[in-house]
């Protein structure tokens, strides 16, 4: 029985300040790679699944470093396209006590945003696949990513591949109205939806009863 799982999204370079330093205090950053779907792919590989991550990364050394990061955890990178100009970056300032953490995105024109529809053969990608996972972060990247997700989900459904989605609403990437206009129609393809009350309300317009304080 196949234990192949596929995730699709953007892996980013995270630059975080050491400890609890603020951006304006720090003179250095710690560099790591990650992203919602990439992290799931790594976790699944650690659990022994044949885990594939679908994305696009530039051919230069930073793109290769992100690719190497996935491979060292056992994630298959067969379906990662190598092209485009840059990898998305986000800066992280870890909060302390009452001060919340802060994230600043720098991901415009990242490689994953330039994927053309004919660059991904979903029929081949989903061959012998058991499960497909994506998050609400990916369609928030823009119209192109939304069309790719829709196509992927449709092919997955046609091949009886289970589809899961973590809503993962990100207010810095789109508004509630924008999210709902995209995410609600996509739910017809989803077998398992992962969310908390806030994500369900902001992404799908679904408010749990008897939760008002």
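Here, each number is a calculation from the coordinates, and none is a lab measurement. Predicted model only: the values in this text are computed from it and were never measured. So basically every Cβ, Gly included, is an ideal-geometry build from the backbone, and we count neighbours across all protein chains shown.
Determine the percent antiparallel among the DSSP beta bridges restricted to the chain, to the nearest 5. Present the calculation step by step, with values, prior to reporting the outcome.
Numbers: 11 of 36 bridges.
The antiparallel proportion sits near 30 percent.
For a quick protection proxy, order the peptides 11-19, 190-198, 128-136 by their average other-Cβ count within 10 Å, most packed first. Write down the numbers at each step before the final one.
Details: 11-19: 19.3, 190-198: 13.8, 128-136: 22.1.
Highest to lowest by the protection proxy: 128-136, 11-19, 190-198.
Just 88, 142, 35 to compare: in a GNM of the chain, with alpha carbon springs under 10 Å, which one fluctuates most?
Evaluated over the chain, the most mobile residue of the options is 142.
Run lengths n ≥ 4 of DSSP H only: what is the helix-derived mean residue ellipticity at 222 nm for the chain, with -39500 (n - 2.57) per run over all residues, to the nearest 500?
Values: 6 runs with 62 residues, N = 213.
Result for the chain: -8500 deg cm²/dmol, rounded to the nearest 500.
Give me 202, 171 ranked fewest to most by other Cβ atoms within 10 Å of their Cβ, as a rough exposure proxy. Could the numbers behind the result be given before it?
Values: 202 23, 171 10.
Starting with the residue having the fewest Cβ neighbours, the order is 171, 202.
For the chain, set up a GNM with springs between Cα atoms under 10 Å and report which of 59, 102, 162 has the largest fluctuation.
Largest GNM mean-square fluctuation: 102.
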